[in-house]
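Worksheet: the structure to be examined is printed underneath.
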Amino acid sequence: MNLVHVNGADLAYDEAGAGPAVIFVHAGAADRRMWAAQFDGLADTHRVIRYDQRGFGGSGDAAGEYRHYEDLLGLMDALHVDRATLVGCSMGGSYALEAALAAPDRVAALVLICSGLSGREWPESMRARAAREVHSAVPADRLRAYASRTREPDPADVEAMALAQARFLVPEPAELVLDMLRGVFRRTWTGPQRTERHLEPGPAARLGEVVAPTLVINGCLDVPEIQEVSGLLSDGTRGSVRLDVPDAGHLPPVERPARVTAALRGFLTELHSGDAPGALA
């Protein structure tokens, strides 16, 4: 693990290989370990970088106000990456989109996997399902205390929330998914108060401005409202390619690592050949 100081925070990262740069941006329910198969699988042909966002994994705490897409661009500056393909999952996809809109000349291509979309509110059906299936795992009074940092988190509550979140997102969560989520809740409930900001106006209203070739990967077992976002992205970005993974939920790089790695390799091969990426089998 390496550390680099970006925008006031120490970010943990791994780097391997040589060639066109590919940067992996993890999901909000994960950390940089989710990219193990893709990181190793592309290092023979690309310069691959995976990192922990501030407040996750081996990176420093998130405190005060910050913007994840600015950290992503700052990481590129610090590591002397002029231009890269950005591969983001869940909210990591939204941060990659924000970076592509803020600095289009820095982004060679986008891969958006079960992506979030900042600037778009989740529908009531999503919020109600999350409240019923996830937030109910821990009593509301303790959740409020953890959110306000007025109570040390009970390890049993961390475990309960990690398991509930994992089952909400992934049909058959592996131990890695559970371990990443344990880390997410421990950091969220014990770290300093923070305020995340986004690009304004956000990507939800600006998909037509995205100029980078884009691959959208959708997990067909993902939450329906998240799958709707995949549809918005594939319909709204010019010339995008969509790949549906029938036996994956919200974290296809972990659930179906070989399938996702092969899709990335095919997309990148076409990109670097100068051809417009076409349909993927």
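The values are calculated or read from the model by the stated rules, or taken from the named source; none is laboratory data. Just so you know, these numbers come straight off a predicted model, no measurement behind them. Neighbour counts run over all protein chains shown; Cβ positions are idealised from the backbone, glycine included. Remember, those area values only see protein heavy atoms, side chains included, never the ligands or the DNA or RNA. Shrake-Rupley method; radii C 1.70, N 1.55, O 1.52, S 1.80 Å.
So which residues in the stretch 255-281 are modelled with pLDDT of 95 or more, open to solvent by 30 Å² or more (accessible area, probe 1.4 Å) and out of contact with any Asp or Glu (no Cβ under 8 Å at 6 or more places or on another chain), if there are any at all?
PRO257, ALA258, ARG259, ALA262, ARG265
Tell me which strands (runs of 3 or more DSSP E) are completely within the stretch 21-118 and hold 3 or more residues being at pLDDT 95 or above and not acidic (Asp, Glu), or say none if there are none. Talk me through it step by step, then tell me what you get.
On the way: elements: 21-25, 47-51, 64-67, 84-89, 107-113.
It comes to 21-25, 47-51, 84-89, 107-113.
Against the condition charged (D, E, K, R), closer than 17 Å to CYS89 by Cα and out of contact with any strand residue (DSSP E or B) (no Cβ under 7 Å at 6 or more places or on another chain), how does ASP247 come out, does it pass?
Yes.
For the stretch 6-28, which positions are of a type outside the set (A, V, I, L, M, F, W, C) and either open to solvent by less than 40 Å² (accessible area, probe 1.4 Å) or within 15 Å of the chain's Cα centre (by Cα) (or both)?
Passing the criteria: TYR13, ASP14, HIS26, GLY28.
In the stretch 1-58, what residues are among the polar types (S, T, N, Q) and farther than 19 Å from ASP71 by Cβ?
GLN38, THR45
Say whether the condition of being polar (S, T, N, Q), open to solvent by 30 Å² or more (accessible area, probe 1.4 Å) and either modelled with pLDDT under 95 or not in a helix (DSSP H, G or I) (or both) is met by at least one residue in the stretch 141-164.
Residues of the stretch 141-164 that are polar (S, T, N, Q), as a first pass: 148, 150.
This time we only want the ones that are open to solvent by 30 Å² or more (accessible area, probe 1.4 Å), so: 148, 150.
In the following step, the residues that additionally are either modelled with pLDDT under 95 or not in a helix (DSSP H, G or I) (or both) were identified as 148, 150.
Yes, the stretch 141-164 contains a residue that is polar (S, T, N, Q), open to solvent by 30 Å² or more (accessible area, probe 1.4 Å) and either modelled with pLDDT under 95 or not in a helix (DSSP H, G or I) (or both).
Could you please find all residues in the stretch 139-164 being touching a Phe, Trp or Tyr at 6+ places or on another chain (Cβ under 8 Å) and on the phi < 0 side of the Ramachandran plot?
The answer is TYR146, ALA147, PRO153, ASP157, VAL158, MET161, ALA162.
What number of residues within the stretch 225-254 satisfy the criterion of being of a type outside the set (A, V, I, L, M), in contact (Cβ under 8 Å) with a residue 40 or more places away in the chain and over 20 Å from LEU207 (Cα atoms)?
Residues in the stretch 225-254 being of a type outside the set (A, V, I, L, M), in contact (Cβ under 8 Å) with a residue 40 or more places away in the chain and over 20 Å from LEU207 (Cα atoms): 4 in total.
For THR214, all conditions in the list (1) open to solvent by 10 Å² or more (accessible area, probe 1.4 Å); (2) under 25 Å from GLY266 (Cβ atoms) hold save one; what is the number of the exception?
Failing condition for THR214: (1).
Taking into account only those residues within the stretch 229-254 that are under 13 Å from ALA109 (Cβ atoms) and among the small types (Gly, Ala, Ser), which is surrounded by the fewest Cβ atoms within 10 Å (Cβ to Cβ)?
GLY239
Kindly indicate whether any position in the stretch 177-196 is open to solvent by 40 Å² or more (accessible area, probe 1.4 Å), more than 25 Å from ALA84 (Cβ to Cβ), at pLDDT 95 or above and among the aliphatic types (A, V, I, L, M).
For the stretch 177-196, residues open to solvent by 40 Å² or more (accessible area, probe 1.4 Å), more than 25 Å from ALA84 (Cβ to Cβ), at pLDDT 95 or above and among the aliphatic types (A, V, I, L, M): absent.
Kindly indicate whether GLY208 is closer than 30 Å to LEU143 by Cα and among the small types (Gly, Ala, Ser). Full working, then the answer.
Values: closer than 30 Å to LEU143 by Cα: no; among the small types (Gly, Ala, Ser): yes.
Considered against the rule, which asks whether it is closer than 30 Å to LEU143 by Cα and among the small types (Gly, Ala, Ser), GLY208 comes out as no.
With the condition kept exactly as written, say whether any residue in the stretch 71-93 is touching a Gly at 6+ places or on another chain (Cβ under 6 Å), open to solvent by 10 Å² or more (accessible area, probe 1.4 Å) and small (Gly, Ala, Ser).
Checked the stretch 71-93: at least one residue is touching a Gly at 6+ places or on another chain (Cβ under 6 Å), open to solvent by 10 Å² or more (accessible area, probe 1.4 Å) and small (Gly, Ala, Ser).
For the stretch 29-66, name all the residues that are over 24 Å from ALA258 (Cβ atoms), in contact with a helix residue (DSSP H, G or I) (Cβ under 9 Å, 6 or more places away or on another chain) and surrounded by fewer than 19 Cβ atoms within 10 Å (Cβ to Cβ).
GLY58, ASP61
Only residues that are part of a helix (DSSP H, G or I) and of a type outside the set (Ser, Thr, Tyr): list them for the stretch 123-140, please.
Correct list: GLU124, MET126, ARG127, ALA128, ARG129, ALA130, ALA131, ARG132, GLU133, HIS135, ALA137, ALA140.
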